[in-house]
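A.B. asks: Submitted below is the structure of interest, expressed as structure tokens.
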2 protein chains.
Amino acid sequence: MNIHDKRLPASVTTGPIGASRKIYSAPQGRDDIRVPYREIALDASSGEPPLRVYDPSGPYSCESFTPDLSAGLPAARPWLAARTGLESYQGRAVKPEDNGFVEGDRLVPPCPAERQLYRAAGTAPVTQLEFARAGVITEEMIYVAHRENLCRERAFDAAKARIADGESFGASIPEFVTAEFVRDEIARGRAIIPANVNHPELEPVVIGRNFLVKVNANIGNSAVTSSVAEEVEKMVWAIRWGADTVMDLSTGRNIHNIRDWIIRNAPVPIGTVPIYQALEKVGGDALKLDWEVFKDTLIEQAEQGVDYFTIHAGVRLAYVPLTASRVTGIVSRGGSIMARWCLSKHKESFLYERFDEICDIMRRYDVSFSLGDGLRPGSNADANDAAQFAELETLGELTKIAWDKGCQVMIEGPGHVPMHKIKANMEKQLKACGEAPFYTLGPLVTDIAPGYDHITSGIGAAMIGWFGTAMLCYVTPKEHLGLPDRDDVKTGVITYRIAAHAADLAKGHPAARERDDAMSRARFDFRWNDQFDIGLDPDTAREFHDQTMPKEAHKLAHFCSMCGPKFCSMQITRDLREEAQAIEREKGMAEKAEEFVERGAQIYVRG
Amino acid sequence: MNIHDKRLPASVTTGPIGASRKIYSAPQGRDDIRVPYREIALDASSGEPPLRVYDPSGPYSCESFTPDLSAGLPAARPWLAARTGLESYQGRAVKPEDNGFVEGDRLVPPCPAERQLYRAAGTAPVTQLEFARAGVITEEMIYVAHRENLCRERAFDAAKARIADGESFGASIPEFVTAEFVRDEIARGRAIIPANVNHPELEPVVIGRNFLVKVNANIGNSAVTSSVAEEVEKMVWAIRWGADTVMDLSTGRNIHNIRDWIIRNAPVPIGTVPIYQALEKVGGDALKLDWEVFKDTLIEQAEQGVDYFTIHAGVRLAYVPLTASRVTGIVSRGGSIMARWCLSKHKESFLYERFDEICDIMRRYDVSFSLGDGLRPGSNADANDAAQFAELETLGELTKIAWDKGCQVMIEGPGHVPMHKIKANMEKQLKACGEAPFYTLGPLVTDIAPGYDHITSGIGAAMIGWFGTAMLCYVTPKEHLGLPDRDDVKTGVITYRIAAHAADLAKGHPAARERDDAMSRARFDFRWNDQFDIGLDPDTAREFHDQTMPKEAHKLAHFCSMCGPKFCSMQITRDLREEAQAIEREKGMAEKAEEFVERGAQIYVRG
């Protein structure tokens, strides 16, 4: 392979985010487990230590990191090689159909990064679920426990107060996340760590209702792939702004090889929808799909290191007629493919009939299930209808089978749902699926705003995240209209980070409010640079500020452009606070005020 | 005045929005009451009548309208002149301080549009509240009743079903809005029609929990006013995208004259915060504020036709110390001005002490109260604290006084509130303020996203709108950072239209879902142009679509750029629907499916 091939990596986005510094912290006694954070340095005047924040951006946001896409990322899970229960073996050979029969110059070269291939050797524990049930705490569990705590100390009292102040609708958020707590959550099926044994580059992430709410971003290949770096960059860009996992929804040419480049360079779990590639292999004709081509695709992608598969096994023959009177029918791609297959052949779905075998394959690599909601509503009118809920019941049934087989499971959810029907979705999912993590797309709370569906769905996402959804699949401003560009991806990811964080705050996650409070103190102190850097998008915040007040001196200004120096309410309050505190000391005014409020504050002094 | 003065109107934005047509509809037997709508023509293939939507954009969106800013808008309330109880009189002369002592060339000329000035002559009913209590149905009540129904027929059964499907948290949404219902809501204080007797250009709007949720946009003058048209355009632009009311928060020079130009050309209620101008008049020194300058400012603005005033009369001396331990103190400009005044003088607020007199002035012109929340939280940390709720109790007390005086009242609310504390705000407001309409800014559900606060607040706005807030004050992407530009205003307004509409849908407003369903049908039928035009922002939707699929032929394509022609799930579903219906007819499959679901859908066919 020619390293100077024009389609080979030029570069991807690197460097620190705002004024933050990438750091790695190891849990006590485990120097082999290096958990990433970003540390935001605050102005010396604050007297505050740097603020640590959760960080899915991988080594790319290190100051000193120079990516070598051909070599792939260094292993973040060095312990995998030593894991008993795994065997190394010679994998499946790449077939012409894996890349859509592309040849010669148009074939994207395979990623040269070589990895030892693993799979389960026998019945010894291999998946995180199997380990958890066997009482074994894995390195991944230790990793995510440390990660979720954001380096908080075990401040149980403070954490208890935060949890008590929140409303988590029956979740069991712990004061402090221990590896044993993670193990227990996974053993119960309430959380998953999607972590294919063939994805050593992965920085493990836990997805579950009792942990921080996660965000997924979808990426897909372009019709014309101009370079490998461009495809890898989509993933790097999405995680830079906060995507915890990335789904590669590519179709068409070169997908096998591009997927290889992406996974070898991905520090986050990668998800796919294998039926898309299977359909490509049979020339796009759903009726030609069968178990063999699907099975082969599962093994192909599992060997590459995909961490979770969307499997639309809940779209059963009998449910298809339930969608006939819908306003928008079936809107899931995978769902409509399988519906066509079932209906045309008048046969039960092979995904449903072969579910046992799918489990057996996925278990061998610890690929997690993302049980697809092929019958999700595509409009408010269709929300919470018979088709949607019939499928959800089936997903619950399949969850139990997958669990029996040792597989980790999460459940995909809607879609388009008006606000007052969101909670019912969450409650039904918890009940039907035994508390397996819910992973929803939005939901969009109205249908009338094409061009703004990151917002219509961000509203629903924040709410369903609060109610208990573990991961939120982003929606970009281009939803329903076209393919997202770079700006759209960033806007979608940040909108969903807002939704996820708002949910964490409302649930009472003990670590969530630190960042809000740091921001609020920076606001009150007019530390402008700190405000930009603490925020989710320092670049945009700085740019917006500078549009009105460009001078460097304004970064120290004790006012902002909205009120100007004369009217600044924050400055007035600062003065007031000092005055009030002085008066309070002198006159015991606070007591007087309280007394007054207790008396009902009713003395209305007439003119 | 020289009409060719370079600062005089060039033009403002006019013309239809998307493919819609402005229409006016008169309630039966009242040809003098012309209620505006937009009518969106749908493709002939739909077989659907045009879709009528609520429209606050004024005559500017008429195809044939040519604005003459110097003449002002034609009267939308021609009946005012005949209203008994009003007297015409010679108004207060404009003083140099009204325009910040600007002279000569720098003085923006007054708007030449002449209007007869009115005020209450005596104790006969003048305000909408007084009329309502006297059992009189005003033209404004007939107007808003017709407007709220969106020309629906009295389809009580369908409306009942929609209401029953929603969750309105104890609101009393009627199947059909009658003028008598409006009168009753106003008489109870549960709704207001902000409509100064000196604002004949106004197209009346009702604000209340049992009506469609409204949106307010704030505008303010620039440091350097380049032209009058530019200032008027800010209002025209905001209402074009869906602002139901506009608050003019200008400070500094020329504010009297610019306000005049804005009101004479405003078809929506205009709100102000009179304390801002009063402070300007005393050179920006809060300690120089007194009742006389404030009273004079109230009269000045009431005579101009301002429809509602924000009055921060709830910021009482005793509450100021309650803010001392807050993370962000007092963040309301008006609140901090009054807090400084009270604390420095150690005197009770003159707004509170003179509240009776303020009522007497506002009643004479039917200026509605927007009782300001000067102590609203500026951070999640300060939400729902003692200061905020003490003020809210006082606002409740003042509401009753204003009602006794015949004044219409709404109540301003926060601010920064995490999701789990929003409902408590709404409930407390309803209780403390006797169900007077709530008018909230956001709330922002997290503090960590400067640059995206239209979204952090849009989430909270949708939720509090659902819970019962009657009007939502928009937040733009520049919040906390700088002054919004044209794009920011549009983004802010549309985000809030989404929030308001999502709230209407969730409450079960009988007319709300029509638009969503029309959109969903257009999606299912691949009527691309209809999708753009039905949406809140046809221009952006069309532009986004054309970025990926620019050709005109693509507007008829039975697929979109996301899945492409081969994978299109909507197209597959259309085919499926036909197949399924055929099969259903032939084999009674639907019954089989139901039977299957009833049996628990448990037959998992193993391998």
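A.B. asks: For the range B:514-541: of the residues being surrounded by fewer than 24 Cβ atoms within 10 Å (Cβ to Cβ) and among the polar types (S, T, N, Q), which is nearest to the chain's Cα centre (by Cα)?
C.D. replies: Among residues in the range B:514-541 that are surrounded by fewer than 24 Cβ atoms within 10 Å (Cβ to Cβ) and among the polar types (S, T, N, Q), the one nearest to the chain's Cα centre (by Cα) is B:540.
A.B. asks: Give me the pairs: first residue in the range A:476-489 and more than 8 Å from every other protein chain (Cβ to nearest Cβ) and within 13 Å of residue A:241 (Cβ to Cβ), second residue among the small types (Gly, Ala, Ser) and not in a helix (DSSP H, G or I), beta-carbon distance under 8 Å, and six or more apart or on different chains, which are they?
C.D. replies: Here the result reads A:489/A:217, each pair linking the range A:476-489 to a residue that is among the small types (Gly, Ala, Ser) and not in a helix (DSSP H, G or I).
Here's the yes/no breakdown for (1) within 30 Å of residue B:506 (Cα to Cα); (2) small (Gly, Ala, Ser):
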| residue | (1), (2) |
| --- | --- |
| B:234 | no, no |
| B:240 | yes, no |
| B:250 | no, yes |
| B:259 | no, no |
| B:263 | no, no |
| B:267 | yes, no |
| B:270 | yes, no |
| B:277 | no, no |
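A.B. asks: While we're looking at this one, here's another question. Restricting to the range B:357-393, count the residues that are crowded, with 24+ Cβ neighbours inside 10 Å and closer than 28 Å to residue B:457 by Cβ.
C.D. replies: Residues meeting the conditions: 19.
A.B. asks: Which is small (Gly, Ala, Ser), more than 21 Å from residue A:523 (Cα to Cα) and more than 8 Å from every other protein chain (Cβ to nearest Cβ), of B:406, B:442, B:413, B:460?
C.D. replies: B:406
A.B. asks: Right, another one. Scan the range A:299-324 for residues that are in a loop (DSSP other than H, G, I, E, B) and within 14 Å of another protein chain (Cβ to nearest Cβ) and report the count.
C.D. replies: To start, the set of residues in the range A:299-324 that are in a loop (DSSP other than H, G, I, E, B) comprises A:305-307, A:312-316, A:324.
Filter again for within 14 Å of another protein chain (Cβ to nearest Cβ), leaving A:312-316, A:324.
Final tally of qualifying residues: 6.
A.B. asks: Something else: Answer yes or no: is there a residue in the range A:355-372 that is more than 27 Å from residue A:192 (Cβ to Cβ), out of contact with any Phe, Trp or Tyr (no Cβ under 7 Å at 6 or more places or on another chain) and modelled with pLDDT of 95 or more.
C.D. replies: No; the residues of the range A:355-372 include none that is more than 27 Å from residue A:192 (Cβ to Cβ), out of contact with any Phe, Trp or Tyr (no Cβ under 7 Å at 6 or more places or on another chain) and modelled with pLDDT of 95 or more.
A.B. asks: Something else about it: Say whether the condition of being free of Cβ contacts under 8 Å to residues at least 12 places away in the same chain and in a helix (DSSP H, G or I) is met by at least one residue in the range A:230-246.
C.D. replies: Yes; the residues of the range A:230-246 include at least one that is free of Cβ contacts under 8 Å to residues at least 12 places away in the same chain and in a helix (DSSP H, G or I).
A.B. asks: Something else about it: Criterion first (farther than 22 Å from residue B:369 by Cα and among the basic types (Lys, Arg)) does residue B:234 satisfy it?
C.D. replies: yes
A.B. asks: Just one of A:279, A:317, A:249, A:289 is touching a residue at least 40 places away in the same chain (Cβ under 8 Å) and surrounded by fewer than 24 Cβ atoms within 10 Å (Cβ to Cβ); which is it?
C.D. replies: Details: A:279 fails: surrounded by fewer than 24 Cβ atoms within 10 Å (Cβ to Cβ); A:317 fails: touching a residue at least 40 places away in the same chain (Cβ under 8 Å); A:249 fails: touching a residue at least 40 places away in the same chain (Cβ under 8 Å).
Checking each option against the conditions leaves just A:289.
A.B. asks: Give the range A:360-387 a look and list any residue that's farther than 21 Å from residue A:140 by Cα and small (Gly, Ala, Ser), or say none.
C.D. replies: Once the filter is applied, which keeps residues that are farther than 21 Å from residue A:140 by Cα and small (Gly, Ala, Ser), the range A:360-387 yields A:372, A:374, A:378, A:379, A:381, A:383, A:386, A:387.
A.B. asks: In the range A:31-44, how many are more than 29 Å from residue A:232 (Cβ to Cβ) and either crowded, with 16+ Cβ neighbours inside 10 Å or touching a Phe, Trp or Tyr at 6+ places or on another chain (Cβ under 7 Å) (or both)?
C.D. replies: Residues that pass the stated criteria total 3.
A.B. asks: A follow-up question, please. Which residues, counting only those in the range B:215-230, are buried (at least 23 other Cβ atoms within 10 Å of the Cβ) and out of contact with any strand residue (DSSP E or B) (no Cβ under 7 Å at 6 or more places or on another chain)?
C.D. replies: If the condition is that a residue be buried (at least 23 other Cβ atoms within 10 Å of the Cβ) and out of contact with any strand residue (DSSP E or B) (no Cβ under 7 Å at 6 or more places or on another chain), then B:228 is the only one that fits.
A.B. asks: Here is a check on your reading of the model: is residue B:24 within 24 Å of the chain's Cα centre (by Cα), surrounded by fewer than 20 Cβ atoms within 10 Å (Cβ to Cβ) and either part of a strand (DSSP E or B) or free of Cβ contacts under 8 Å to residues at least 12 places away in the same chain (or both)?
C.D. replies: yes
A.B. asks: Among what's in the range B:45-89 and is among the hydrophobic types (A, V, I, L, M, F, W, C) and part of a loop (DSSP other than H, G, I, E, B), pick the residue that is surrounded by the most Cβ atoms within 10 Å (Cβ to Cβ).
C.D. replies: Looking only at the range B:45-89, we keep the residues that are among the hydrophobic types (A, V, I, L, M, F, W, C), and these are B:51, B:53, B:62, B:65, B:69, B:71, B:73, B:75-76, B:79-82, B:86.
Adding the requirement that they be part of a loop (DSSP other than H, G, I, E, B) leaves B:62, B:65, B:69, B:71, B:73, B:75-76.
Values: B:62: 18, B:65: 15, B:69: 24, B:71: 13, B:73: 22, B:75: 14, B:76: 21.
The residue in question is B:69.
A.B. asks: Of all residues being outside any helix (DSSP H, G or I) and under 13 Å from residue B:313 (Cβ atoms) in the range B:344-367, which is farthest from the chain's Cα centre (by Cα)? Just the residue, please.
C.D. replies: So in the range B:344-367, the residues outside any helix (DSSP H, G or I) come out as B:346-349, B:354, B:366-367.
Adding the requirement that they be under 13 Å from residue B:313 (Cβ atoms) leaves B:348-349, B:354.
Details: B:348: 33, B:349: 29, B:354: 29 Å.
Filtering the range B:344-367 for residues that are outside any helix (DSSP H, G or I) and under 13 Å from residue B:313 (Cβ atoms), the one farthest from the chain's Cα centre (by Cα) comes out as B:348.
A.B. asks: Given the structure, is residue B:508 surrounded by fewer than 24 Cβ atoms within 10 Å (Cβ to Cβ), touching a residue at least 60 places away in the same chain (Cβ under 8 Å) and either in contact with a Ser or Thr (Cβ under 9 Å, 6 or more places away or on another chain) or facing another protein chain (nearest Cβ under 7 Å) (or both)? So that I can check it myself, show each step before the final result.
C.D. replies: Values: surrounded by fewer than 24 Cβ atoms within 10 Å (Cβ to Cβ): yes; touching a residue at least 60 places away in the same chain (Cβ under 8 Å): yes; either in contact with a Ser or Thr (Cβ under 9 Å, 6 or more places away or on another chain) or facing another protein chain (nearest Cβ under 7 Å) (or both): yes.
Yes.
A.B. asks: Further question on the same structure: Contact list please: Cβ distance under 8 Å, first residue in the range B:65-87 and more than 16 Å from residue B:305 (Cβ to Cβ), second residue among the β-branched types (Val, Ile, Thr) and assigned to a loop (DSSP other than H, G, I, E, B), pairs at least six apart or on different chains.
C.D. replies: Correct list of pairs: B:65/B:14; B:66/B:14; B:67/B:12; B:67/B:14; B:70/B:3; B:85/B:126.
A.B. asks: Please name all residue pairs, on different chains or six or more residues apart, with Cβ atoms under 9 Å, provided the first residue is in the range B:332-343 and is under 9 Å from residue B:312 (Cβ atoms) and the second residue is among the acidic types (Asp, Glu) and not in a helix (DSSP H, G or I).
C.D. replies: From residues that are under 9 Å from residue B:312 (Cβ atoms), the pairs are B:332/B:373; B:332/B:412; B:335/B:373.
A.B. asks: Moving on. Among the residues of the range A:416-439, is there at least one that is outside any helix (DSSP H, G or I), over 20 Å from the mean Cα position of the chain (by Cα), crowded, with 24+ Cβ neighbours inside 10 Å and β-branched (Val, Ile, Thr)?
C.D. replies: Yes, there is a match, as at least one residue in the range A:416-439 is outside any helix (DSSP H, G or I), over 20 Å from the mean Cα position of the chain (by Cα), crowded, with 24+ Cβ neighbours inside 10 Å and β-branched (Val, Ile, Thr).
A.B. asks: Going by what's in this entry, would residue B:465 be described as in contact (Cβ under 8 Å) with a residue 24 or more places away in the chain and crowded, with 24+ Cβ neighbours inside 10 Å?
C.D. replies: yes
A.B. asks: Right, something else. For the range B:105-197, which fully contained helices (runs of 4 or more DSSP H) count at least 3 residues that are buried (at least 22 other Cβ atoms within 10 Å of the Cβ)?
C.D. replies: B:128-133, B:139-148, B:179-187
A.B. asks: Okay, next question. Just one of A:527, A:513 is in contact (Cβ under 8 Å) with a residue 24 or more places away in the chain, of a type outside the set (Val, Ile, Thr) and in contact with a Lys or Arg (Cβ under 7 Å, 6 or more places away or on another chain); which is it?
C.D. replies: Numbers: A:527 fails: in contact with a Lys or Arg (Cβ under 7 Å, 6 or more places away or on another chain).
Being in contact (Cβ under 8 Å) with a residue 24 or more places away in the chain, of a type outside the set (Val, Ile, Thr) and in contact with a Lys or Arg (Cβ under 7 Å, 6 or more places away or on another chain) holds for just one of A:527, A:513, which is A:513.
A.B. asks: Based on what the data block shows, is residue B:158 out of contact with any strand residue (DSSP E or B) (no Cβ under 7 Å at 6 or more places or on another chain) and within 14 Å of chain A (Cβ to nearest Cβ)?
C.D. replies: Here the answer is yes, as residue B:158 does meet what is asked.
A.B. asks: What single numbered condition from (1) surrounded by 23 or more Cβ atoms within 10 Å (Cβ to Cβ); (2) under 21 Å from residue B:464 (Cβ atoms); (3) more than 14 Å from every other protein chain (Cβ to nearest Cβ) fails to hold for residue B:212?
C.D. replies: In the conditions (1) surrounded by 23 or more Cβ atoms within 10 Å (Cβ to Cβ); (2) under 21 Å from residue B:464 (Cβ atoms); (3) more than 14 Å from every other protein chain (Cβ to nearest Cβ), residue B:212 misses (3) alone.
A.B. asks: What is the residue count in the range A:134-168 for residues that are under 23 Å from the mean Cα position of the chain (by Cα) and modelled with pLDDT under 90?
C.D. replies: Selection size over the range A:134-168: 3.
A.B. asks: Taking the range B:328-343 as the region of interest, how many residues are at the interface with another protein chain (Cβ under 7 Å from one of its Cβ atoms) and either more than 30 Å from the chain's Cα centre (by Cα) or of a type in the set (S, T, N, Q) (or both)?
C.D. replies: Going through the range B:328-343 one residue at a time, the tally reaches 5.
The values are calculated or read from the model by the stated rules, or taken from the named source; none is laboratory data. Source: prediction; values computed, not measured. Reconstructed Cβ throughout: ideal geometry from the backbone, glycine too, with neighbour counts over all protein chains shown.
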